[in-house]
Structure formats: structure tokens, C-alpha cells
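First comes the structure, then the notes that go with it.
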Amino acid sequence: MPNKEPKGAKAPKTSESKNVKITDITELIERCNKPFVCRFLLDQDVIELPVKRLSPAFEEKISAIRRNIPLPPMIKGNKPEENVYNFNDPAFVKAKDAAELVIRALSIYEGCPAIRDGKPNLLNQDEILDYVQGLFTNDLLNVIWWTIQGGGFDTRVGERVGFTSPTDSQES
């Protein structure tokens, strides 16, 4: 009896990459403003969720949240140059983790129209955090977030077109 492959077990076929010559900046702007796909396997089905790239203004908002995380306390050394930050300080870890959850929620809300459309027009970051955190597991939220953060870019183009790379020379 032949093994039947579960529905959706294979990744969808994608067309081969092609070289595209950009002659006008508006072509690049149009391409960058198009949604791209967050693709993942869920219960044997390949899910394709449209997401979008985050704007530089939004990225700055995220950076400001990170900059506002208070520094951890200093552990004093015998000499001033031996002082080090205590990155394991519970208060610091709690503040950093809380900020990262807000950053993830805001990024997903901004970068995933399907999620944003579930509760449009939320402006308060605590409301956005509560909404996004209540949708899915942390694993799935991370998959969506990492895809949005990656911006749809694949920096391995050289590897795909036959150039050598450090990963090509590593032995298994």
C-alpha cells in the first residue's frame, strides 16, 4: 500500500528567482510596497499570510521603545574599568521582556493587515498588546514577527546564482 502524503505537506511550488533590472526608482518603491507572504506549516497545511514591510518611521518608534528600557544595575568591580552591567537583574529582565512583547505586538499589528483588520483602529499600545497576545501561541506570533522583521528579503541571492559563500565551504 503506497504512503499517501498528508494534504499540504509539500511546500508550494515557487517560481525560480529572476534578475530584475530596476531603471526607475518608482519600480523599486512599488515592489517594496507590495505585500509579501509569511508561509508556515500548520497541521499539515501550508498557510500563506500576507504581511507588509515596516516603514522607517515605524521602525524608529520600535527603536524608541528599546531605548527607553532602563539600563540594568551595575556590578562594581575592584576598579572602575571592571564594572559590568548585571543583565540578569530580575527587574531589568522583566522590563526588557515586557518591552519586547510590546514591540512584537505593535510590529505584527502594523505589518499584518489580516490581524489589524480583526480589530482596526486600535491606537493604545496596551490594547494592541492585549489583542495580539490573545490571538495565537508565542511560537506562531514569533513566526509572523520574524517574517515581518525580515522584510521579505533573502540575502542568499549570491548562493542561489552560483557564487561561493562561507556556507558553501563549510564541511558537514
Go through 74-81, 18-25 and give me the packing order, highest mean Cβ count within 10 Å leading. 74-81, 18-25
Return the distance in nm (one decimal) between the two label points of a simple spin-label model at Thr23 and Thr137, each offset 7 Å from Cα along Cα→Cβ. 5.0 nm
Show the residues, 5+ positions off or on another chain, whose built amide H is closer than 5 Å to the amide H of Val46. none
What percent does the relative contact order of the range 26-152 come to when contacts are Cα pairs within less than 8 Å and at least six residues apart? 27 percent
How do the peptides 62-71, 92-101 rank, highest first, by the average count of neighbouring beta carbon atoms within 10 Å per residue? 92-101, 62-71
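Treating only the Cβ of Lys, Arg, Asp and Glu as charged (+1, +1, -1, -1), what charge dipole size does the range 25-152 show about its Cα centre? Round to the nearest 20 debye.
Values: 15 positive and 18 negative charges, 66 e Å.
For the range 25-152, the charge dipole is close to 320 debye.
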Using the Karplus curve 6.51 cos²θ - 1.76 cosθ + 1.60 with θ = phi - 60°, work out ³J(HN,Hα) for each residue of the range 54-66 in order, rounded to whole Hz, and write x for Gly and Pro. 8, 6, x, 5, 5, 4, 5, 4, 5, 4, 5, 4, 5
Expressed in nanometres to one decimal, the distance between label points 7 Å along Cα→Cβ at Asn121 and Asn33 is 2.5 nm
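Taken together, the values in this text are just the output of simple stated rules run on the coordinates, not laboratory data. All figures in this text were calculated on a predicted structure; none of them were measured in a lab. Neighbour counts run over all protein chains shown; Cβ positions are idealised from the backbone, glycine included.
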